[in-house]
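A.B. asks: After the structure tokens below, expect a handful of questions from me.
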Amino acid sequence: MGDWARARLPAAVAEFLMFVLKQGWAAAFGIVLLLAIIGSRLIWSPDWWLTRYDALFLFAIAVQVTFLSLKLETWAEARVIALFHLTGTVMEVYKLHMGSWDYPDQGMLEIGGVPLFSGFMYAAVGSYIARVLRIFHMQYAPYPPFWMTVVLAVAIYVNFLTHHWLPDIRLALFAATLLLFWRTRVWFFAGSVPRWLPMPLTALLAAFFLWVAENVGTFTQTWAYAGQSAFEMVGFSKLGSWYLLLHVSFVTVTLVSRTALVATPVRPTAREIYRP
């Protein structure tokens, strides 16, 4: 497809087209899961023997197995997804207990009232980050001291849990992300020319698309925030939450693989950039 675009379209248009398609390919797990959420909402009946939540969990497992068997996902990426599923489920159980959001339907496959498919929502974020690093040959340079990023990620995660009964320090955490990553550029290769974006801006753009996906979840009444009426949009304040959570997500991925963290970016070979 890239060869076809480069042969028939202006270079800038071909590169942008491949950027969009590669982004979609990196987010394939999340896109398929969102389509399943929408489709199941349209067709599911409460009289069926299998609940919608349980069906979504089994579907997510089947997608994961399919991706691995077809080599669309590596085992290293699968380990990232498993780690995200674990940390995400822990947060879901706690947040549900604190009344932050609710799941209006019921299912048999759940922990503490949280349907197990919900962990795959977080796993989809981990899958995207792990895949986009590989597909775009992303490099983060210059990267701050690794231990500082881990401390920041832990602080963000803990604040998500403790702000219900301790002071919310997210404003300080926003400032910390800017101070720590303001020099870090996210280098990527949609084509042969290296491109880059500031890391905080990259996180903000990704947070916007996660906010859109979250609205899909609430519009289909798969979950709902406390006090949120039917078909009410998720508040823009959640963009900030996703922005912070993306930093946690990225550091979680780097715990498994740090190959993208470099002092200076290195251009991959043309064979690596254009391989299928």
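A.B. asks: Every residue in segment 49-78 that is of a type in the set (Val, Ile, Thr) and farther than 22 Å from LEU255 by Cα, please.
C.D. replies: THR51, ILE61, VAL63, VAL65, THR66
A.B. asks: Being under 19 Å from the mean Cα position of the chain (by Cα), in a helix (DSSP H, G or I) and closer than 30 Å to LEU58 by Cβ is true for just one of THR218, THR202. Which residue is that?
C.D. replies: After applying the criteria, what remains is THR218.
A.B. asks: Tell me which residues, restricted to segment 57-109, are within 27 Å of LEU133 (Cα to Cα), buried (at least 19 other Cβ atoms within 10 Å of the Cβ) and touching a residue at least 60 places away in the same chain (Cβ under 8 Å).
C.D. replies: Residues satisfying the conditions are PHE57, ALA60, VAL80, PHE84, MET91.
A.B. asks: Just to be sure before I move on: is LEU197 at pLDDT 90 or above and part of a helix (DSSP H, G or I) in the structure I sent?
C.D. replies: no
A.B. asks: Within segment 164-193, which residues are aromatic (Phe, Trp, Tyr) and in a loop (DSSP other than H, G, I, E, B)?
C.D. replies: Correct list: TRP165, TRP182, PHE189.
A.B. asks: Could you tell me whether ALA78 is of a type in the set (A, V, I, L, M, F, W, C), at pLDDT 90 or above, closer than 23 Å to LEU116 by Cα and out of contact with any strand residue (DSSP E or B) (no Cβ under 6 Å at 6 or more places or on another chain)?
C.D. replies: The answer is no for ALA78.
A.B. asks: Also, I was wondering about something else. Which condition number in (1) in contact with a helix residue (DSSP H, G or I) (Cβ under 8 Å, 6 or more places away or on another chain); (2) in a helix (DSSP H, G or I); (3) closer than 16 Å to VAL251 by Cα is the one that LEU161 fails?
C.D. replies: (3)
A.B. asks: Being farther than 27 Å from SER241 by Cα, of a type in the set (Val, Ile, Thr) and either exposed (fewer than 15 other Cβ atoms within 10 Å of the Cβ) or over 23 Å from the mean Cα position of the chain (by Cα) (or both), is that true of even one residue in segment 14-35?
C.D. replies: No, segment 14-35 has no match at all.
Conditions tested, residue by residue: (1) farther than 30 Å from HIS163 by Cα; (2) touching a Leu at 6+ places or on another chain (Cβ under 9 Å); (3) part of a helix (DSSP H, G or I).
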residue	(1), (2), (3)
ALA36	yes, yes, yes
ALA55	yes, no, yes
PHE67	yes, no, yes
LYS71	yes, no, no
ARG79	no, no, yes
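A.B. asks: Could I ask something else about it? Which ones in segment 185-207 are surrounded by fewer than 20 Cβ atoms within 10 Å (Cβ to Cβ) and polar (S, T, N, Q)?
C.D. replies: SER192
A.B. asks: In addition: Yes or no: segment 122-141 includes at least one residue that is more than 25 Å from THR74 (Cα to Cα) and either outside any loop (DSSP other than H, G, I, E, B) or free of Cβ contacts under 8 Å to residues at least 12 places away in the same chain (or both).
C.D. replies: no
A.B. asks: Working carefully through the options GLY107, GLY88, GLY99, find the one that is under 21 Å from PHE160 (Cα atoms) and not in a helix (DSSP H, G or I).
C.D. replies: Answer to the check: GLY99.
The values are calculated or read from the model by the stated rules, or taken from the named source; none is laboratory data. Predicted model only: the values in this text are computed from it and were never measured. Backbone-built Cβ (ideal geometry, glycine too); neighbour counts: all protein chains shown.
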